[in-house]
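The values are calculated or read from the model by the stated rules, or taken from the named source; none is laboratory data. Since the model is a prediction, treat every value here as computed from it, not as a measurement. Quick reminder, even Gly has a Cβ in these numbers, built from the backbone with ideal geometry, and neighbours come from all protein chains shown.
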Amino acid sequence: MKNNRLVRSAAAAAVLLLATTACSTKTGTSSERVGKDDVAMGPGVTDTTITLGALTDLTGVYASLGKSIVNAQQMWAEQVDKSGGICGRKVEIKVKDHGYDVQKGVAAFAEIEPESAMLTQVIGSPVVAALKQDIAARKILTLPLGWSSTLLGQEYVQVVGPTYDIDMVNAVDFLTRTAHLTAGAKIGHVYFEGEYGENALAGARYAAQQSGYEIVGQKIKATDTDLAAQVAALKQAGVKAILISAGPKQTASLVGLSAAQGLLVPVVSSAPGFAPQLLDSAAAPALEKMLFLTSGYPAASADTSRMRQLVQDYKARYPDAPVDSGVVSGWVAAQVAAEALSDACTSKKLTREGIAAAHRAQTALNILDVPFDFSDPSKPSTYASFVQKPSKQATGGLTTVEPAHEVAAGRSYQLPKG
C-alpha cells in the first residue's frame, strides 16, 4: 500500500509539473502567462498593465536632457492611457536615475528589469555597453538614448537613428561643402573618453581620410568643463573647423573660448552636445554664430503638423519646462515602443521575445516624418542626419539648416563591431 501511495503521489506530481510547464515558461526572472484575452504575457505585463522601464540621467552631465526625455515619455504614457491603453492595458513607466554613472546604471537595471516588459530609454552609451550581456540574457528590448555604433549587432538593443560615427561622417561632409576645406586641412575633434566620444572620433577620422584632411583629437572627461587648454592646442594646430562630441557645458566652453581667442571657425556638435539653456549664457552670441549640430531627429521648431502637435502638447503638459532635443528624442523612442507593443498585441505575444520580434518586423516606421528600418540589428536604423543651428528665437533653440540626408561615405564606412 505504501508503494502504491508513492507511485500515485509521483504520478500526480508529474501531471502537475506538465500542466505548469504547459502554461508557464521562464523568461528573464518572471514567468510567461496567458491573459484573459488569450494574449501571452511576459515580465511587466498583466491583464491590466504594461510596465516599462527607464534608466535615465537626472543628476549627471545630461540631467537637463534626461528630464525632458522622461517628461516626453510620461506624457506619451498619459495620452495612451486616456485613449484606452495598449492591448486594453494601461501603460506605466518606472524611472530610475543613474546620474550617468555606469555602476549606478548596472544597479538600477537589476532593480527595474524583472518587472519591465521593455526599456524605453537607457541614457548613455557606456551604461548600455555595460549592460549588453544582461540585456541579451534577459531578452528585454532596450532603446538606448545613446547612439554608439558599438551597440549595434544586438538583437535586443535598438539604436534609433544614425550612430555617432555616421553623424560625424555627415558632419565632415557638411564642413567640406560649407567651410570650403581643401586637402591637407586640419579639423579639431574634442570628444569624451569612452563609447560616445571615441565612436564619434572613428567616424570623423574615416571621413577626414576620404577627403585628405587631418583630425587633431582632444580627449576630455565628462567632468572637464573648462576647455581653455584644448582651444589653445587647436588654435596652435591651425584647425579650420572643429567637431565636438561631449555635453552641453563642454560645447559652451569650447565655442565661447574659441570666439574669445579669435579661433573663429565652424564647430559641429553631436546632438547631445547642445541644450537650449546655453542660449541664456554668455556664450550665446558665439553659439549662434559658430555652432552647428548633426541629429537624426528634426528640430522642435520644424514646421510640420506632427512636430507642431508634439510641441503644443508638451507645452500644455509642462508649461515651465524647456522644449529641447530631449523632448523629441524621448517622444521618438516612445513611438517606437508603442509600435512594438501594439504589433506584439496583434500577434497575441506580449512576451519579451514577441515584443522584440514585432519590433524587428518594422522596415519603414515613420515617426515625425523620419523613416526608420529596424529589421537589421547590425545596421543603423537610418544613415541620414539633419544639420541644425542654435537660434534663441526658435522653439527648442534650434533651426534647420539642412534636411535629413545621407552621404555616400556613410554607407562605405566600416561600422565597428561591438
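(1) more than 16 Å from Lys82 (Cβ to Cβ); (2) without any contact (Cβ under 8 Å) to a residue 24 or more places away in the chain: which one isn't true of Ala316, the others all being true?
Exception for Ala316: condition (1).
Taking the residues in segment 136-146 that are surrounded by 22 or more Cβ atoms within 10 Å (Cβ to Cβ) and at pLDDT 95 or above as candidates, determine which candidate is farthest from Val332 (Cα to Cα).
Only one residue fits best here, namely Ile140.
Identify the single condition in (1) outside any helix (DSSP H, G or I); (2) under 30 Å from Ser253 (Cα atoms) that Thr363 does not satisfy, given that it satisfies every other one.
If we test Thr363 against (1) outside any helix (DSSP H, G or I); (2) under 30 Å from Ser253 (Cα atoms), just (2) comes out false.
State all residues of segment 402-418 that are closer than 12 Å to Asp167 by Cα and without any contact (Cβ under 8 Å) to a residue 12 or more places away in the chain; if no residue qualifies, say none.
Answer for segment 402-418, where residues must be closer than 12 Å to Asp167 by Cα and without any contact (Cβ under 8 Å) to a residue 12 or more places away in the chain: there is none.
Whether any residue in segment 44-63 is touching a Pro at 6+ places or on another chain (Cβ under 9 Å) and within 23 Å of Val311 (Cβ to Cβ) is what I want to check.
Yes, segment 44-63 contains a residue that is touching a Pro at 6+ places or on another chain (Cβ under 9 Å) and within 23 Å of Val311 (Cβ to Cβ).
Go over the candidates Ala409, Ala334 one by one and state the one that is assigned to a helix (DSSP H, G or I), under 19 Å from the mean Cα position of the chain (by Cα) and of a type in the set (A, V, I, L, M, F, W, C).
Ala334
State whether one or more residues within segment 64-85 are in a loop (DSSP other than H, G, I, E, B), farther than 17 Å from Ala275 by Cα and within 23 Å of the chain's Cα centre (by Cα).
For segment 64-85, residues in a loop (DSSP other than H, G, I, E, B), farther than 17 Å from Ala275 by Cα and within 23 Å of the chain's Cα centre (by Cα): absent.
Kindly indicate which of Ala356, Ala300, Ala334, Ala340 is within 22 Å of Thr56 (Cα to Cα), at pLDDT 95 or above, aliphatic (A, V, I, L, M) and touching a Gly at 6+ places or on another chain (Cβ under 6 Å).
Result: Ala300 is the single residue among Ala356, Ala300, Ala334, Ala340 that is within 22 Å of Thr56 (Cα to Cα), at pLDDT 95 or above, aliphatic (A, V, I, L, M) and touching a Gly at 6+ places or on another chain (Cβ under 6 Å).
Across segment 183-222, what is the number of residues that are surrounded by 23 or more Cβ atoms within 10 Å (Cβ to Cβ), under 18 Å from Val102 (Cα atoms) and not hydrophobic (A, V, I, L, M, F, W, C)?
Adding up the residues that qualify gives 4.
So that you can scan it fast, the table gives a plain yes or no per residue for (1) at positive phi; (2) in contact (Cβ under 8 Å) with a residue 24 or more places away in the chain; (3) among the charged types (D, E, K, R):
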| residue | (1), (2), (3) |
| --- | --- |
| Lys139 | yes, yes, yes |
| Thr142 | no, yes, no |
| Ser148 | no, yes, no |
| Pro162 | no, yes, no |
| Asp167 | no, yes, yes |
| Ala183 | no, yes, no |
| Glu198 | no, no, yes |
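On the given criteria, is Asp376 without any contact (Cβ under 8 Å) to a residue 40 or more places away in the chain and in contact with a helix residue (DSSP H, G or I) (Cβ under 9 Å, 6 or more places away or on another chain)?
Yes.
Which residue is nearest to Val172 (Cα to Cα), if the candidates are limited to segment 204-260 and must be among the basic types (Lys, Arg) and assigned to a helix (DSSP H, G or I)?
That would be Arg205.
State whether one or more residues within segment 168-181 are of a type in the set (Gly, Ala, Ser), surrounded by fewer than 24 Cβ atoms within 10 Å (Cβ to Cβ) and within 13 Å of Val387 (Cβ to Cβ).
yes
Here's the yes/no breakdown for (1) under 15 Å from Gly42 (Cα atoms); (2) of a type in the set (D, E, K, R):
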site	(1), (2)
Ala333	no, no
Ala338	no, no
Ser342	yes, no
Ser347	yes, no
Gln362	no, no
Asp369	no, yes
Pro380	no, no
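Could you list all residues from segment 381-406 that are part of a loop (DSSP other than H, G, I, E, B), of a type in the set (A, V, I, L, M) and under 20 Å from Arg308 (Cβ atoms)?
Hit for segment 381-406 is Ala394, nothing else.
Take segment 337-351 and flag every residue that is surrounded by 21 or more Cβ atoms within 10 Å (Cβ to Cβ) and within 20 Å of the chain's Cα centre (by Cα).
Ala337, Ala340, Leu341
Only one of Val327, Val323 is of a type outside the set (D, E, K, R), in a helix (DSSP H, G or I) and touching a residue at least 12 places away in the same chain (Cβ under 8 Å); which?
On inspection, the qualifying residue turns out to be Val327.
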